[in-house]
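Bear in mind these aren't lab numbers, they're just calculated from the coordinates by the rules spelled out. All values reported here derive from a predicted model rather than from experimental measurement. In this analysis, Cβ positions are derived from the backbone assuming ideal geometry, glycine residues included, and neighbour counts consider all displayed protein chains.
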Amino acid sequence: MAKDAKQSRDFKKALEIGRTPNIVKLFPNSKALIVSGRVINSALSAKGKAMTIAANGRNVFVIRGVLRAAQRANAAVIIEIAKSEGGAGAYCAVNLWNMATHVDRAMNELGITVPVAIHADHYQLKNQKDVEKARVEIPSLFDAGITSIAIDASQMPDEENLLANIALNPYIPKWAGYETEVGEIKGKEGLSTKEEALFLIRGLNAHGIFPDWIALNNGTTHGIEVSDAGIQVELTAGIHRALEPYSVSGAQHGTSGNSSDRLRRIAAETKTTKANVATALQMLSWGLEVNDYGNAKFDGNKNFIKVKGHGVTEELWAEMVEYARGKEWKSGDYKKLNLPFDNKLQGQPREVRERMAKRVEDFTFTILTKVFNARNTAPLAVEAILRAKSFNLKPAAKRIEKPADWTEGKIRERAKSLNQSKGPSGNFDD
């Protein structure tokens, strides 16, 4: 009883001081502990050999299911949406500007007391024009409740990637979680190298910019895969060791294409604390059959297998399939069903809506407790807030690089020694 009373006191204190300023302004009377992504990284780092789910909330059923699983596991988690999923050209009804509202509402309704970060994932930049647009758009994301962001200029040459991160850093609150990326995230071609990662992190460090996470192209792929492409654990661990002086954690993308055993190795053998899961959760909410890799299964006619009595009704699934066929969509395009069918999904009977979220909950609970080793990380996040006496945790890193060595001219000169081959274009959805 005494332990429970202390946890309750700690939670109330964390709620009082740990919510970020934008969240306090948006939801002044909320009891949802929505925090900076840095708090989540701190908790998983404190536990060690553990990572938590960064769940792409493509629909409200995914959000509710993940939050319930987090509560059961007593785990600190991240709810996110990628720019491609929820940006200006969104194919999901949940987007970068309403996701915090969805999460806050669900946390209050469901009595969720674990810390949760709201992450803008894969904020993708392909050229300088995108960088200029981002100067306007990024502040609007934080106005809407985002508490963490991934600046993804990995498609650009390494020097432009670094310079884009430097240029946009003033638009990211100092308290916010921050992820950067090196090597286009897409599979076994154009793999990230230690040299590329060091170039990016050292250059940022020289400018007083300290990412919480770095995402690599470490052999994974995004979305529905016909085979297990495979995260390269040794490559990831080697790059993380090289980055140790800079105190940056790893962010693992494309987990839906990898076995539980490999993901356990990523948690145990690397510095990864954040693991994105998207496609598997969407398919589960709809009631489709998935394998251990989180990939949807197909029947002999290469159609998705709908599990009767799970997820959406059989009638609604038939309508969704017919719609996709009318658009001549392939299996990887089914994600585009999220937007046109969102209201129909929410208009189903309560028991159907509940079973959609429950399927996500059970899958996520297993991942958190039996694969990611994230159980009981929520108290560690609360402790980090109480120790800092603030929502604003200090970055784990300190400046060790000399700014004079990383001027724009020297950045461009240094980049000439890097292998800039990035392979074919990638798919940025997890």
(message) Running a GNM on the chain with Cα contacts under 10 Å, which residue among 264, 72, 325 ends up with the highest mean-square fluctuation?
(response) 325
(request) Just add up the charged neighbours of residue 264: K/R +1, D/E -1, any other residue whose Cβ is under 11 Å from the Cβ of residue 264. (result) +2
(request) Give me the net charge of residue 194's neighbourhood, meaning all other residues with Cβ under 14 Å from the Cβ of residue 194; Lys, Arg count +1, Asp, Glu -1. (result) -2
(message) Of the listed values (i) 38, 33, 16; (ii) 53, 31, 20; (iii) 32, 27, 20, identify the label whose number matches semi-axes √(5λ) of the Cα gyration tensor in Å calculated from this model.
(response) (iii)
(message) Counting only helical runs of four or more DSSP H residues, what would the 222 nm mean residue ellipticity of the chain come to if each run contributes -39,500 (n - 2.57) and the total is spread over all its residues?
(response) -13000 deg cm²/dmol
(request) Take every Cα-Cα distance within region 205-347, group them into 10 Å bins from 0 onward, and report for each bin the whole-number percent of pairs it holds. (result) 11, 35, 25, 19, 9, 1
(request) Among 218, 22, 291, determine the one that fluctuates most according to a GNM of the chain built with springs between C-alpha atoms less than 10 Å apart. (result) 291
(message) I want to make sure I understand the PRE zone here: with the label point 7 angstrom from the Cα of residue 234 toward its beta carbon, which residues in region 243-269 have backbone N atoms less than 19 Å away?
(response) 243, 259, 261-269
(message) Please arrange 249, 45, 417, 154 by how many other C-beta atoms lie within 10 Å of their C-beta, fewest to most.
(response) 417, 45, 249, 154
(message) Net charge around residue 73, counting only other residues with Cβ within less than 13 Å of its Cβ (Lys, Arg = +1; Asp, Glu = -1)?
(response) +3
(message) Please compute the length gained on full extension between residue 2 and residue 344, using 0.36 nm multiplied by the number of residues separating them and subtracting their Cα-Cα distance.
(response) 118.5 nm
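In what order do 375, 359 fall by count of nearby beta-carbon atoms within 10 Å, going from fewest to most?
375, 359
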